[in-house]
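This report concerns only the one structure given below.
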Amino acid sequence: MLGPVILAASRSDKMRRFISAAPGTKQVVGRFIAGETVEQVVPIIEDAAGRGLEVTMDVVGEDITTPEQAAAARDAYLELVGRLKDLGLGTRAEMSVKLSMFGQALENGHELALANVRPVVEAAAAIGTTVTLDAEDHTTLDSMFAIHEELRKDHPQTGCVIQAYLFRTEDDARRLAAAGSRVRIVKGAYKEPASVAYQDKAETDKAYVRILRTLMEGAGYPMIGSHDPRLIAIAQEMARKAGRKLDEYEFQMLYGIRSDEHVRLAAEGHRMRVYTAYGTDWYGYFMRRLAEKPANLLFFARSILTKG
């Protein structure tokens, strides 16, 4: 019940100001956001690599209003690529990008986002890693998939994300489950209308399983984005039945959530990638994490009351 309310608040400037000023916010944000600068997250990347984990790095920030901000977002990712190169971590860390941050919603946004993301994809490829295009609300997806297709012409390892709660996704999955593709499946974390998305969690879970089966039985590389123990077990069984080796798919979970499970899966030989966000414009990302799980909201509320 609270999820849609929190997602609506993620677009409210008034709520942004209130939550940013709340006394317990910094403590809770630190649970989901690894730091504000590249230098602050470097030790986290190194620690993950030392424990057999891989990472995908997200420079948070979505509300781009000028081409200059979009260019700054591009440059932030290029800075990250440079640090990964210096550390020799290109094979352990990839990047996740939201095209809204690269100017997708601006005038001529499709062309602008493509122009800004292309050098990031090229730089990533040069150090032995890749980029995954995150899925955002349903109005942006045709553009995202078109940019994904264009980028894959020169860099076929470029990945994309699909969201189980959208009605369109089963068709998208069938199209994407081809040789050489890299597809992350998640449940979805945006406020979407009933005309395009399941509103019931059970229906979303059923769709997730159907889509996951399509990916596992296809010729691409599935990336299972979930913290749900039941879905993780189902994915393992599907992989076994599909005859997939442990390096022919991977699990992905968020930084700060079920960290013990990250290590357990890696210890079993699975590829385990931790989605690690950092940066100063954390509000939208943070609110979606609260909306996904009531326990996160309770943790936040307790922190505010304690600090207050």
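The values are calculated or read from the model by the stated rules, or taken from the named source; none is laboratory data. It should be emphasised that the depicted structure is a prediction, and the values quoted were computed from it without experimental measurement. Positions of Cβ are generated from backbone atoms using ideal geometry, with glycine treated the same way; all protein chains shown enter the neighbour counts. For the accessible areas, the whole protein counts, side chains as well, though only heavy atoms, and no ligand, DNA or RNA atoms are used. Shrake-Rupley method; radii C 1.70, N 1.55, O 1.52, S 1.80 Å.
Structure above, values below:
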read-out: Point-to-point label distance, ARG210-LEU87, nm (Cα→Cβ direction, 7 Å offset); value: 4.0 nm
read-out: Around PRO119: net Lys/Arg minus Asp/Glu count, Cβ-Cβ under 11 Å; value: 0
read-out: Phi to ³J(HN,Hα) by Karplus 6.51 cos²θ - 1.76 cosθ + 1.60 over the range 103-120, Hz, x for Gly, Pro; value: x, 4, 8, 7, 4, 6, x, 4, 5, 5, 4, 4, 5, 7, 7, 4, x, 5
read-out: Cα-centred dipole magnitude for the range 141-266, charges only on beta-carbon of K, R (+1) and D, E (-1), debye, nearest 20; value: 260 debye
read-out: Inter-label distance for HIS155 and SER195, nm, one decimal - labels placed 7 Å from Cα along Cα-to-Cβ; value: 3.5 nm
read-out: Residues of the range 36-139: accessible area per residue with a 1.4 Å probe, Å²; value: 40 Å²
read-out: Dipole of the range 148-190, positive end: most advanced residue of ALA189, GLN157, THR169 [Cβ charges, Cα centre]; value: ALA189
read-out: Segments 226-234, 124-132 sorted - mean Cβ within 10 Å per residue, highest first; value: 124-132, 226-234
read-out: Reach of LYS191 by Cα under 15 Å, taken over aspartates and glutamates that are not fewer than 8 positions away in the same chain; value: GLU136, ASP137, ASP200, GLU292
read-out: Unsatisfied cross-links (Cα-Cα over 31 Å) in the set LYS85/LYS241; LYS153/LYS206; LYS85/LYS153; LYS98/LYS241; LYS85/LYS206; value: LYS85/LYS241; LYS153/LYS206; LYS98/LYS241; LYS85/LYS206
read-out: Karplus 3J(HN,Hα) series, Hz, for the range 163-178 with 6.51 cos²θ - 1.76 cosθ + 1.60 (x for Gly, Pro); value: 10, 5, 6, 8, 4, 5, 5, 4, 5, 4, 5, 4, 5, 8, 7, 10
read-out: Gain upon complete extension [GLU170, ARG244; 0.36 nm per residue less C-alpha separation]; value: 24.5 nm
read-out: Accessible surface of the range 114-206, 1.4 Å probe, proportion on carbon and sulfur as whole %; value: 53 percent
read-out: Backbone HN-Hα couplings from phi across the range 124-130 [Karplus 6.51/-1.76/1.60, Hz, Gly and Pro as x]; value: 4, 4, 5, 10, x, 10, 8
read-out: Relative packing of peptides 90-98, 237-245 - highest average C-beta neighbours within 10 Å first; value: 90-98, 237-245
read-out: THR280 paired with ARG258, simple spin-label distance in nm, labels 7 Å along Cα-to-beta-carbon; value: 3.4 nm
read-out: The range 135-160 versus the range 59-81: alpha-carbon centroid distance in Å; value: 18 Å
